[in-house]
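Peer 1: I'd like to ask you about the structure that follows.
The values are calculated or read from the model by the stated rules, or taken from the named source; none is laboratory data. Predicted model only: the values in this text are computed from it and were never measured. Ideal geometry is used to build each Cβ from the backbone, glycine not excepted, and the neighbour counts take in all protein chains shown. Calculation scope for accessible area: heavy atoms of the full protein, side chains included, ligands and nucleic acids excluded. Shrake-Rupley method; radii C 1.70, N 1.55, O 1.52, S 1.80 Å.
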Amino acid sequence: MIAGKIESGGRLFVTLAVLFVLPATPISAQRIDRAPEEVSEVGIDEKLGDRLPLDLAFRNERGEDVTLSRLFHQDRPVILTMTYSDCPMLCMLQLNGLVDGLQDVSLMPGKDFEILSVSIDPTETPERARLTKQQYVQAYGKPEAASGWHFWVGRQANIKALADAIGYRYTFVPEQGEYAHAATFVFCTPDGVISRYLDGVYFEPITLQLSLVEAGEGKIGSSMDRILLFCFGWDATTGQYGPVAVRLMRFGGALTLLVLIITLVPVWLWRKAPGSVAHHGPSTTVAASFAQHQDKESLLEEAGDEKPSLDSSSSMMPVVPLPLAQTAYGNNFFFPEAASDLAGPVDGLFFFILWVSTIFFAIVVGVMMLFVIKYRHREGHEAQESPTHNTFLEILWSVIPTIIVAVIFLWGFGAYFDMRQPPANAYEIRVLARKWTWEFVYANGHRDPDLHLPVNRPVRLIMSSQDVIHSLFIPAFRVKMDVLPDRYTTTWFQPNRVGEYTLLCAEYCGEQHSTMLARVVVHPSGDFERWLTDAASFLEGVSPEEGGRIVYQRKGCAQCHSIDGSARSGPTLKGIFGAKHEMADGRRILVDENYIRRSILEPMADIRAGYRPVMPTYASQIREEEIDALIAFIKTLK
């Protein structure tokens, strides 16, 4: 800027820079014996909330007579600074800092806000102010900002009145022929009320942006700016906007509530809509479909569609996010339909805890709001001494929660005890879990990928895993139990409603965890035994190839091996028979009957190149005639 007087005022402005601009900067290479006496008269007395005298008259850079009201009748905030063009250093640093900070601010002077630089030098002319404006508009690099950056001059009385209104203390130093002053920007609302002071010569763009949005009273800035302003508050110690924990928590809570509403309400409406699966509940034609299982052709039709997988477009349930799948099948907002005797106590305890929590939440928040309103600070009311002890209240809020917690404990313990004590006449089913399929072994030796159950009869599951930890979860039964390797875990339940339900793994077990699903089929009375007899002899009366397709489905081969050439976690079965394939150790092996049989019983013996050794062994889990049928089926996959 203008540096003609910098030599004469060097010591004065070094002192001012140290005192007002760089208070946190260590000074080690310079010694200042004492500050000039004029410095004691310089400073800022913040007057937040005060209104500017809008009738003060000045002259703009074009020599026109103007008043402050000319800028403050618009719907734009104003950045006010008091400088002068012949300042040798501090004003130049201050305005350059503003130019640098505004480069990354999305708001534009003249469109979103105004900048007003009022000279503290009463001898400064409009022509001199015009030259200063040209210099800084050019430095800003945005010519359109010229209409929004104003440089005004005026008489000493009006300059002093404006300085007093904003708490700006400065003084003239005759010996130096200069003004001693501080560096500050005053942010004012569109109607002339002081909203923020920014002291210094360098400003973060986010600080400038939020100060303008705050001063604009919601009339400028984007929605994101308003969100940031809500979550960030002014920190007077740092002179910047910083995160406010309480506001961030409020915003996070509101955002969480909004997400829940957006995701859950559509599912709830869908569930109530006529014609939806959830609206009708379990299939009303289950008994008829069970009768069809007596026919061998129905078994082939059932095996024709592969189970859902990451590569399959079929699905066992409507396409909704897995966390919402429970609500999609329920008769209430929180749970799927109750289909076992254990579901009643679980649901009852849940809703008891829910309503107790809701009632106490309403009481606490209601009383708190009542006290906030009733005991708010009011002029002329003296604060009364708060009570420190009330025996009745202390006993009340100790005894009642204790009773409620005891009820919850006894209720929960009783339900848990019942869930851990199966009846002596429970029908036992062996459960084998492996990545990423379930296998259920019945009393006659039949193995099935789906869980078939008799209605109104207790069933005990004896479970183990062949690889990692899984967790059997049947939402409709309110049953969940971990399935562990190298040990047995058990659970039991009594289905009381005929239908088909979903069984899933509730413990993350690998990349295809979400596809580890199975059907739970509750048969009408008498149909379970008939189904079990027919299912065990499914190979009778069908060709080996047709029987192999059924084995491919029932043993869970479809989870890892496609028959259409698509890639899954295991190699496709399409076109492999009779071809040579490279193994992980570099060997090339012909895929024949012996290779397929060895891969089923000893899957770690020969690992295909490019695939991980994750397949479990099926030794003792598959009959020889089932292996023969599966080989015959693979031969047909050209």
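Peer 1: Determine which single condition C560 fails, assuming it passes every other condition in (1) out of contact with any His (no Cβ under 8 Å at 6 or more places or on another chain); (2) on the phi < 0 side of the Ramachandran plot; (3) open to solvent by less than 20 Å² (accessible area, probe 1.4 Å).
Peer 2: The number of the failed condition is (3).
Peer 1: Answer yes if at least one residue in segment 418-428 is over 19 Å from Y488 (Cα atoms) and under 40 Å from the mean Cα position of the chain (by Cα), and no otherwise. Walk me through it before giving the result.
Peer 2: The initial filter retains those residues of segment 418-428 that are over 19 Å from Y488 (Cα atoms), namely 418, 425.
If we keep only those that are under 40 Å from the mean Cα position of the chain (by Cα) too, we end up with 418.
Yes, segment 418-428 contains a residue that is over 19 Å from Y488 (Cα atoms) and under 40 Å from the mean Cα position of the chain (by Cα).
Peer 1: Restricting the first residue to segment 241-262 and requiring it to be part of a helix (DSSP H, G or I), which pairs with a second residue that is open to solvent by 70 Å² or more (accessible area, probe 1.4 Å) and at pLDDT below 60 meet a Cβ separation below 7 Å and a spacing of at least six or different chains?
Peer 2: R247/F230; F251/F230
Peer 1: Looking at segment 136-148, which of its residues are without any contact (Cβ under 8 Å) to a residue 24 or more places away in the chain and buried (at least 19 other Cβ atoms within 10 Å of the Cβ)? So that I can check it myself, show each step before the final result.
Peer 2: Initially, segment 136-148 is screened for residues without any contact (Cβ under 8 Å) to a residue 24 or more places away in the chain, giving 137-138, 143.
Result: V137, single match.
Peer 1: Of all residues being part of a helix (DSSP H, G or I) and polar (S, T, N, Q) in segment 577-621, which is farthest from L432 (Cα to Cα)? Just the residue, please. Talk me through it step by step, then tell me what you get.
Peer 2: Step one: filter segment 577-621 for residues part of a helix (DSSP H, G or I), giving 593-601.
Now narrow it down to the ones that are polar (S, T, N, Q): 594, 599.
On the way: N594: 26, S599: 19 Å.
Across segment 577-621, the extreme among qualifying residues is N594.
Peer 1: Let me confirm something: among R497, R430, which residue is in contact (Cβ under 8 Å) with a residue 24 or more places away in the chain, assigned to a loop (DSSP other than H, G, I, E, B) and open to solvent by 50 Å² or more (accessible area, probe 1.4 Å)? It would help to see each step written out before you state the result.
Peer 2: Working: R430 fails: assigned to a loop (DSSP other than H, G, I, E, B).
After ruling out the rest, the residue left standing is R497.
Peer 1: Right, here's the next one. Scanning for something closer than 30 Å to L532 by Cβ and touching a strand residue (DSSP E or B) at 6+ places or on another chain (Cβ under 8 Å), does segment 404-419 turn up at least one residue?
Peer 2: Taking segment 404-419 first, the residues closer than 30 Å to L532 by Cβ are 418-419.
From what's left, touching a strand residue (DSSP E or B) at 6+ places or on another chain (Cβ under 8 Å): 419.
Yes.
Peer 1: Still on this model: Taking T502, is it at pLDDT 90 or above and closer than 15 Å to V431 by Cα? Walk me through how you get there before you give the answer.
Peer 2: Working: at pLDDT 90 or above: yes; closer than 15 Å to V431 by Cα: no.
So T502 does not fit the description; no.
Peer 1: When you check I353 against the structure, is it free of Cβ contacts under 8 Å to residues at least 40 places away in the same chain, of a type in the set (V, I, T) and in a helix (DSSP H, G or I), yes or no?
Peer 2: Details: free of Cβ contacts under 8 Å to residues at least 40 places away in the same chain: no; of a type in the set (V, I, T): yes; in a helix (DSSP H, G or I): yes.
It is false that I353 is free of Cβ contacts under 8 Å to residues at least 40 places away in the same chain, of a type in the set (V, I, T) and in a helix (DSSP H, G or I).
Peer 1: Filter segment 440-478 for residues that are at pLDDT below 90, among the small types (G, A, S) and touching a Phe, Trp or Tyr at 6+ places or on another chain (Cβ under 9 Å) and give the result.
Peer 2: Passing the criteria: only A443.
Peer 1: Looking at segment 558-567 only, could you name the residues that are in a loop (DSSP other than H, G, I, E, B) and at pLDDT below 80? Steps first, answer last, please.
Peer 2: From segment 558-567, those in a loop (DSSP other than H, G, I, E, B) are 560-567; that's our starting set.
Matches in segment 558-567: A567 only.
Peer 1: Outside any helix (DSSP H, G or I) and among the aliphatic types (A, V, I, L, M), is that true of A383? Break it down stepwise before answering.
Peer 2: Values: outside any helix (DSSP H, G or I): yes; among the aliphatic types (A, V, I, L, M): yes.
So A383 passes the test.
Peer 1: Out of the residues in segment 623-637 that are in a loop (DSSP other than H, G, I, E, B) and at pLDDT 80 or above, state the one that is most open to solvent (accessible area, probe 1.4 Å). Outline the logic, then answer.
Peer 2: As a first pass, look at segment 623-637 and keep what is in a loop (DSSP other than H, G, I, E, B): 623, 636-637.
Then drop every residue that is not at pLDDT 80 or above, which leaves 636-637.
Details: T636: 70, L637: 20 Å².
Top of the filtered list is T636.
Peer 1: State all residues of segment 586-617 that are β-branched (V, I, T) and open to solvent by 50 Å² or more (accessible area, probe 1.4 Å); if no residue qualifies, say none. Reasoning before the result, please.
Peer 2: Going residue by residue through segment 586-617, those that are β-branched (V, I, T) are 589, 591, 596, 600, 607, 614, 617.
Result: T617, single match.
Peer 1: Here's a check for you: in segment 70-85, which residue that is modelled with pLDDT under 90 and touching an Asp or Glu at 6+ places or on another chain (Cβ under 8 Å) is surrounded by the fewest Cβ atoms within 10 Å (Cβ to Cβ)? Spell out the reasoning first.
Peer 2: Step one: of segment 70-85, the residues modelled with pLDDT under 90 are 70-76.
Add one more test, that the residue is touching an Asp or Glu at 6+ places or on another chain (Cβ under 8 Å), and what stays is 71-72, 74, 76.
On the way: L71: 22, F72: 21, Q74: 13, R76: 22.
Step by step, filter segment 70-85, then rank; the result is Q74.
Peer 1: Follow-up question, since we're still on this one. With (1) over 44 Å from the mean Cα position of the chain (by Cα); (2) open to solvent by 40 Å² or more (accessible area, probe 1.4 Å) as the list, and A535 as the residue in question, which single condition is left unmet?
Peer 2: Exception for A535: condition (2).
Peer 1: Let me ask another. Evaluate the following for K133: is it surrounded by fewer than 16 Cβ atoms within 10 Å (Cβ to Cβ) and more than 42 Å from the chain's Cα centre (by Cα)? Break it down into steps so the answer makes sense when it comes.
Peer 2: Details: surrounded by fewer than 16 Cβ atoms within 10 Å (Cβ to Cβ): no; more than 42 Å from the chain's Cα centre (by Cα): yes.
Here the answer is no, as K133 does not meet what is asked.
Peer 1: So the check is Cβ under 6 Å with 6+ separation or different chains; which pairs have a first residue in segment 74-102 that's more than 14 Å from A180 (Cβ to Cβ) and in a helix (DSSP H, G or I) and a second one that's open to solvent by less than 10 Å² (accessible area, probe 1.4 Å) and hydroxyl-bearing (S, T, Y)?
Peer 2: Listed by first residue and then by second, the contacts come to L95/Y136; V99/Y140.
Peer 1: Here is a further query. Taking into account only those residues within segment 103-128 that are part of a loop (DSSP other than H, G, I, E, B) and among the β-branched types (V, I, T), which is farthest from A145 (Cα to Cα)? Don't jump to the end; show me each part of the working.
Peer 2: Restricting attention to segment 103-128, the residues satisfying the condition of being part of a loop (DSSP other than H, G, I, E, B) are 103-108, 110-112, 120-125.
Of the ones still in play, those that are also among the β-branched types (V, I, T) are 105, 120, 123, 125.
Working: V105: 13, I120: 23, T123: 27, T125: 22 Å.
Ranking the candidates gives T123 first.
Peer 1: Here is a follow-up. Which one of these does A165 not meet: (1) open to solvent by less than 30 Å² (accessible area, probe 1.4 Å); (2) under 18 Å from C87 (Cβ atoms); (3) out of contact with any strand residue (DSSP E or B) (no Cβ under 6 Å at 6 or more places or on another chain); (4) not basic (K, R)?
Peer 2: A165 satisfies every listed condition except (2).
Peer 1: Take segment 136-172 and flag every residue that is assigned to a helix (DSSP H, G or I), over 47 Å from the mean Cα position of the chain (by Cα), closer than 24 Å to V193 by Cβ and not hydrophobic (A, V, I, L, M, F, W, C).
Peer 2: Matches in segment 136-172: N158, K160, D164.
Peer 1: Right, here's the next one. Can you name every residue in segment 103-125 that is buried (at least 17 other Cβ atoms within 10 Å of the Cβ) and at pLDDT 90 or above? Don't jump to the end; show me each part of the working.
Peer 2: Initially, segment 103-125 is screened for residues buried (at least 17 other Cβ atoms within 10 Å of the Cβ), giving 105, 107, 109, 112-121, 124.
Across segment 103-125, the qualifying residues are P109, F113, E114, I115, L116, S117, V118, S119, I120, D121, E124.
Peer 1: Further question: Please go through segment 441-493 and give me each residue that is closer than 28 Å to E624 by Cα and among the small types (G, A, S), ordered by number.
Peer 2: Once the filter is applied, which keeps residues that are closer than 28 Å to E624 by Cα and among the small types (G, A, S), segment 441-493 yields A443, G445, S464, S465.
Peer 1: If you don't mind, another one. Only one of (1) modelled with pLDDT under 85; (2) out of contact with any Ser or Thr (no Cβ under 7 Å at 6 or more places or on another chain) is not met by H523, so which one is it?
Peer 2: Among (1) modelled with pLDDT under 85; (2) out of contact with any Ser or Thr (no Cβ under 7 Å at 6 or more places or on another chain), H523 violates only (1).
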